[in-house]
There are 2 protein chains.
Amino acid sequence: MTPDPGTAAPAVRRVAIVGLGLMGGSLARALKRLPDPPWISAAESSEHARDRALAAGVADRMCRLSSEAVRDCELAVYATAPDVTLSLLEQDREAWGPGTVVTDLASVKAPILERMHRLAETDRYVGSHPMVGDHRSGFEASRGNLYEDARVWMVQAGAVAAACERVAGFWRQLGARPAWMDADEHDELMAWVSHAPQLVANALAAALLERGIPSEQLGPGGRDATRLAASAPDLWTEILAANARRVVPVLDSVVKELAWLRDALDRGDLEGVRARMERTRAWREGV
Amino acid sequence: MTPDPGTAAPAVRRVAIVGLGLMGGSLARALKRLPDPPWISAAESSEHARDRALAAGVADRMCRLSSEAVRDCELAVYATAPDVTLSLLEQDREAWGPGTVVTDLASVKAPILERMHRLAETDRYVGSHPMVGDHRSGFEASRGNLYEDARVWMVQAGAVAAACERVAGFWRQLGARPAWMDADEHDELMAWVSHAPQLVANALAAALLERGIPSEQLGPGGRDATRLAASAPDLWTEILAANARRVVPVLDSVVKELAWLRDALDRGDLEGVRARMERTRAWREGV
């Protein structure tokens with residue numbers, strides 16, 4: 001699970017990016033800012049996003065279909081929602097060249113690694129999950145510095161060394177910090193640090209909404225705590241569906257903690273509340 | 001509850017600020033940046049903060065006791081935690097001059113208004129709650145632009161018109177946006193938009209902490225959702241204690257919403273999850 005990430009590999013000269021949303025669009029922008037940028041072949045289903053990306057000069061070839069975009073590329077990056085990625089990987093298989101390395105940017109990795117295993121394509125597959133994001137989405141929200149200094153979790157199971165080196169080097173050239181992790185461990189960690197926080201923000205926002213309180217009434221703290229409630233529902237429903245069995249127990253833990261605080265406040269156990277806040281403060285200030 | 005805030009009042013020339021933490025320190029800095037800054041008399045119990053504030057040149061008179069600081073001042077601003085403010089108001093009463101207007105910055109207003117009512121001092125009292133804040137605290141975190149464009153809720157019950165005009169004008173000169181609200185309505189609103197979000201962030205952080213996940217593993221979304229967990233425990237325990245009967249039902253609502261999302265995910269009701277996310281997204285994008 002931890003190939004040596006230190007070996008230098010020649011830079012990728014021909015990159016396909018499938019999906020020009022926040023993640024794919026930002027990737028294209030970042031690549032085009034390199035001193036010696038690669039040739040970029042992009043696929044995007046939205047005509048509006050295709051026009052915007054061509055106007056921004058971030059793609060050298062623009063396709064509607066991913067099977068067209070990945071032809072003749074050394075690296076194919078799938079920057080689509082998890083279930084779209086699963087379909088496209090199966091559908092594009094014939095379009096990949098013998099040396100094409102395949103990666104994706106989804107925040108759930110085990111189902112995609114399983115699919116590539118079933119397709120007998122694990123030798124060319126290295127999954128990527130950059131720990132970046134924004135409640136905004138689409139090409140409009142993309143920016144060239146999104147991946148700078150970002151942790152990128154990489155997963156693989158049987159990838160050839162050259163594929164591992166290429167993907168790790170690909171991220172390093174953009175200023176990101178690639179590191180290897182087991183796919184199941186990754187998905188478990190994301191349930192805690194990413195997927196549950198998303199739903200907690202939705203639940204808090206839903207309570208305020210039900211009460212009829214406009215979001216304009218939020219102060220800076222309430223705005224932080226509910227920011228994720230503005231995230232894209234289609235993408236997030238897919239992410240959550242793909243990791244539901246790991247997310248549900250995390251939500252049980254959060255409900256338990258919140259009910260404990262509620263009861264402590266109700267019975268006037270202020271020392272208990274203070275002690276819990278001291279612990280979470282020390283934990284959070286570690287960031 | 002809604003005195004006319006439009007009448008101009010002469011600017012306050014002698015201001016006492018009790019407590020030079022984030023709120024009081026930022027207030028002193030903001031006043032000293034005015035074209036014609038007032039004379040500032042400050043009280044602060046921490047020697048370190050007194051030294052820092054004198055070095056920053058934000059106070060013309062520095063006292064240890066608030067009863068000394070408020071003498072000869074036209075406006076006394078209590079920028080201390082709620083229970084400290086309650087004690088000091090009672091203790092400093094003899095030190096106020098006949099024309100001294102009194103305000104405070106606490107985020108819970110009904111208990112303070114009640115205390116001033118019991119002291120028969122409501123004619124000079126206008127409570128203020130600026131909707132600003134930070135998980136950082138203390139004079140080190142103070143800054144001169146904290147109140148710029150901030151909503152400041154003001155409460156009163158029997159204040160003379162001159163006191164209302166002075167406090168409203170005081171905030172407007174700093175670029176803040178004062179508005180009147182009933183004290184009970186204010187405290188109910190804060191339970192929803194400020195106090196419950198604080199505890200939700202604590203609960204989420206506590207769950208991750210119990211699981212043994214370091215906060216360094218958080219991505220940008222998880223960092224937003226847990227930022228408030230770094231807030232000052234002493235201050236927040238007091239705020240929550242003062243508003244506990246209103247905060248507990250809000251936490252019940254959040255637990256209910258989170259449990260609903262948990263169950264929907266568990267039974268595979270992805271359309272239900274998506275619909276809930278669509279609603280909270282539309283609500284949150286109103287900010």
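The values are calculated or read from the model by the stated rules, or taken from the named source; none is laboratory data. Predicted model, so just to flag it, every value in this text is computed and none were measured. No Cβ is skipped: glycine too gets one built from the backbone with ideal geometry, and neighbour counts run over all protein chains shown.
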When you scan segment B:166-178, do you find a residue that is more than 30 Å from B:LYS32 (Cα to Cα) and of a type in the set (A, V, I, L, M, F, W, C), even just one?
no
Taking B:ALA53 as the residue in question, decide whether it is more than 20 Å from B:GLY127 (Cα to Cα), outside the structural domain of B:ALA242 (by TED's automatic domain parsing), aliphatic (A, V, I, L, M) and buried (at least 24 other Cβ atoms within 10 Å of the Cβ).
yes
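Looking only at segment B:202-241, which residues are touching a His at 6+ places or on another chain (Cβ under 9 Å) and of a type outside the set (Phe, Trp, Tyr)?
If the condition is that a residue be touching a His at 6+ places or on another chain (Cβ under 9 Å) and of a type outside the set (Phe, Trp, Tyr), then B:GLY221, B:ASP224, B:ARG227, B:LEU228, B:ALA229, B:ALA230, B:SER231, B:ALA232, B:ILE239, B:LEU240 are the ones that fit.
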Counting only strands (runs of 3 or more DSSP E) entirely within segment B:10-63, those with at least 3 residues that are touching a Ser or Thr at 6+ places or on another chain (Cβ under 9 Å) are B:14-18, B:61-63
If you take the residues of segment A:22-50 that are more than 20 Å from A:ARG136 (Cβ to Cβ) and not hydrophobic (A, V, I, L, M, F, W, C), which of them is surrounded by the fewest Cβ atoms within 10 Å (Cβ to Cβ)?
A:PRO35
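Got a number for residues in segment A:211-228 being touching a helix residue (DSSP H, G or I) at 6+ places or on another chain (Cβ under 7 Å) and more than 7 Å from chain B (Cβ to nearest Cβ)? Spell out how you get there, then give the answer.
Here is the first cut: in segment A:211-228, the residues touching a helix residue (DSSP H, G or I) at 6+ places or on another chain (Cβ under 7 Å) are A:211, A:213, A:215, A:217-219, A:221-222, A:224-228.
When the remaining residues are screened for being more than 7 Å from chain B (Cβ to nearest Cβ), the result is none.
Going through segment A:211-228 one residue at a time, the tally reaches 0.
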Among the residues of segment B:158-196, write down those that are free of Cβ contacts under 8 Å to residues at least 40 places away in the same chain and in contact with a Leu (Cβ under 6 Å, 6 or more places away or on another chain).
B:VAL193
Run A:THR85 past the list (1) polar (S, T, N, Q); (2) closer than 17 Å to A:VAL152 by Cβ; (3) without any contact (Cβ under 8 Å) to a residue 24 or more places away in the chain and report the number of the one that doesn't hold.
(3)
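Taking only segment B:208-220 into account, find how many residues are surrounded by fewer than 24 Cβ atoms within 10 Å (Cβ to Cβ) and in a helix (DSSP H, G or I).
Within segment B:208-220, the first condition is being surrounded by fewer than 24 Cβ atoms within 10 Å (Cβ to Cβ), and the residues that meet it are B:209-217, B:219-220.
Filter again for in a helix (DSSP H, G or I), leaving B:209-211, B:215-217, B:220.
Selection size over segment B:208-220: 7.
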Counted residues, segment A:71-80 - those being in contact with a helix residue (DSSP H, G or I) (Cβ under 7 Å, 6 or more places away or on another chain) and either in a helix (DSSP H, G or I) or surrounded by fewer than 22 Cβ atoms within 10 Å (Cβ to Cβ) (or both):
1
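Being within 30 Å of A:ALA244 (Cβ to Cβ) and out of contact with any Phe, Trp or Tyr (no Cβ under 6 Å at 6 or more places or on another chain) is the filter here, so list the residues in segment A:71-87 that pass it.
Hits for segment A:71-87 are A:ALA76, A:VAL77, A:TYR78, A:ALA79, A:THR80, A:ALA81, A:PRO82, A:ASP83, A:VAL84, A:LEU86, A:SER87.
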For segment B:141-156, indicate whether the set of residues that are hydroxyl-bearing (Ser, Thr, Tyr) and either assigned by TED's automatic domain parsing to the domain that holds B:TRP96 or modelled with pLDDT under 95 (or both) is non-empty.
yes
Does A:ALA205 satisfy being facing chain B (nearest Cβ under 7 Å) and in a helix (DSSP H, G or I)?
yes
Name the pairs: first residue in segment B:244-268 and farther than 22 Å from B:HIS195 by Cβ and at the interface with another protein chain (Cβ under 7 Å from one of its Cβ atoms), second residue crowded, with 19+ Cβ neighbours inside 10 Å and among the acidic types (Asp, Glu), Cβ to Cβ under 8 Å, at least 6 apart or on different chains?
none
